[in-house]
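To start, the structure itself, in structure tokens.
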């Protein structure tokens, strides 16, 4: 099963020196705590987030995904 690579998203955000608040502003979320929950996997990024994530993180969309094992 394919899913967003949350570790890569966090790593790339940090590499680009983007704060969680920067991501909140770009994704039109309400709070930094909400973004933190997405990045940690407690919440799931919606399909509408991917077109926003890839240019912000300066990565092709395909690089944002990874193979996940089903639990």
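The values are calculated or read from the model by the stated rules, or taken from the named source; none is laboratory data. A quick note: this is a predicted structure, and the numbers were derived from the prediction, not measured. Here Cβ is always computed from backbone atoms with ideal geometry, including for glycine, and neighbour counts include all displayed protein chains.
Below are the figures for this structure:
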read-out	value
Test for residue 42: is it on the phi < 0 side of the Ramachandran plot, surrounded by fewer than 11 Cβ atoms within 10 Å (Cβ to Cβ) and at pLDDT 90 or above	yes
Whichever residue in the stretch 2-29 is at pLDDT 95 or above and outside any helix (DSSP H, G or I) and, among such residues, is farthest from residue 57 (Cα to Cα)	19
Residue match in the stretch 51-66 (condition: loosely packed, with under 15 Cβ neighbours inside 10 Å, in contact with a strand residue (DSSP E or B) (Cβ under 9 Å, 6 or more places away or on another chain) and assigned to a strand (DSSP E or B))	yes
